[in-house]
Amino acid sequence: MNTVTVERLDAADTRLVAERIAEAFLVLPATRWLVPDEAKREAVFADNFEILVDHAMRHGLVFGTADRDGVAVWLPQVGGDSPAPVDYDDRLAAACGEWTPRFQHLDELFAANHPHPDHHHLALLAVRPGRQGQGLGTALLRHHHAWLDAHGVPGYLEASSEAGRDLYARHGYRLREVFRLPDGTPFYPMWRDPAAG
């Protein structure tokens, strides 16, 4: 198996990362409820994810494979809530338009279910559809898990599919209480304790 090189990305990669995530996430059930208009879905998500990726470039960690086919966005959560992205409400409305209330509802669900102990939050992990199942997601997880384990820091995420949930379970994440969108679509919050050194 080829070794996958993982690199820390910088602000110049912000839009590319947002577009990669939007492309990969289009198959997820939650995207259909958030943006019912299939013709506009990918563009809305790219604009929405750009807000979070930009925030992570400033306050978190964004990694990618050397070819940028896989990306991961981590946000350290220390001492409770982390700061919101600058001008978040205005930027969200500009990105999501008529569907802004749906994204606000999702934000509220995430906030209500987010754990409070210090941890690193895997906000987003995405692999280009044609490259999925080739170890890129695993390489991205192992890369940052090595740091988390060395520093005794837990990880947290919200898986948005059964396949994602199962992948993360193989990497030491344990399922917490599932929460759902109004249409019943589930999210799987998961917690990973650091491995003993």
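The values are calculated or read from the model by the stated rules, or taken from the named source; none is laboratory data. What you see is a predicted model; the values in this text were computed from it and never measured. All Cβ positions, glycine included, derive from the backbone under ideal geometry; neighbour counts span all protein chains shown. Surface areas here come from the heavy atoms of the whole protein model, side chains and all, with no ligands, DNA or RNA. Shrake-Rupley method; radii C 1.70, N 1.55, O 1.52, S 1.80 Å.
Would you check if ARG58 is surrounded by 15 or more Cβ atoms within 10 Å (Cβ to Cβ) and among the charged types (D, E, K, R)? Criteria not met by ARG58.
A single member of PRO117, PRO85, PRO101 is surrounded by 15 or more Cβ atoms within 10 Å (Cβ to Cβ), free of Cβ contacts under 8 Å to residues at least 40 places away in the same chain and farther than 20 Å from GLU23 by Cβ, and it is PRO85.
Residue by residue, here is whether (1) touching a His at 6+ places or on another chain (Cβ under 8 Å); (2) closer than 20 Å to PHE110 by Cα; (3) of a type in the set (A, V, I, L, M, F, W, C); (4) in contact (Cβ under 8 Å) with a residue 12 or more places away in the chain holds:
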residue: ALA12; (1), (2), (3), (4): no, no, yes, no
residue: ARG20; (1), (2), (3), (4): no, no, no, yes
residue: GLU23; (1), (2), (3), (4): no, no, no, yes
residue: LEU26; (1), (2), (3), (4): no, yes, yes, yes
residue: PHE45; (1), (2), (3), (4): no, yes, yes, yes
residue: HIS55; (1), (2), (3), (4): no, yes, no, yes
residue: LEU61; (1), (2), (3), (4): yes, yes, yes, yes
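For region 107-114, the count of residues that are open to solvent by less than 20 Å² (accessible area, probe 1.4 Å) and either farther than 17 Å from ALA126 by Cβ or not polar (S, T, N, Q) (or both) is zero. What are the residues in region 11-40 that are among the acidic types (Asp, Glu), within 18 Å of CYS96 (Cβ to Cβ) and either surrounded by 13 or more Cβ atoms within 10 Å (Cβ to Cβ) or within 13 Å of the chain's Cα centre (by Cα) (or both), if any? Those that are among the acidic types (Asp, Glu), within 18 Å of CYS96 (Cβ to Cβ) and either surrounded by 13 or more Cβ atoms within 10 Å (Cβ to Cβ) or within 13 Å of the chain's Cα centre (by Cα) (or both): GLU19, GLU23. Note on region 133-171: residues that are open to solvent by less than 30 Å² (accessible area, probe 1.4 Å), more than 21 Å from ARG68 (Cβ to Cβ) and part of a helix (DSSP H, G or I) total 2.
One line per residue, one yes/no per condition, for (1) under 26 Å from PRO182 (Cβ atoms); (2) in a helix (DSSP H, G or I):
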position	(1), (2)
ARG20	no, yes
GLU23	yes, yes
PHE45	yes, yes
ILE51	yes, yes
ALA56	no, yes
ALA72	no, no
ALA84	yes, no
ASP89	yes, yes
ALA93	yes, yes
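Scan region 113-138 residue by residue and report those that are more than 17 Å from the chain's Cα centre (by Cα) and either at pLDDT 95 or above or over 20 Å from GLU42 (Cβ atoms) (or both). Correct list: HIS116, PRO117, ASP118, GLY133, GLN134, GLY135.
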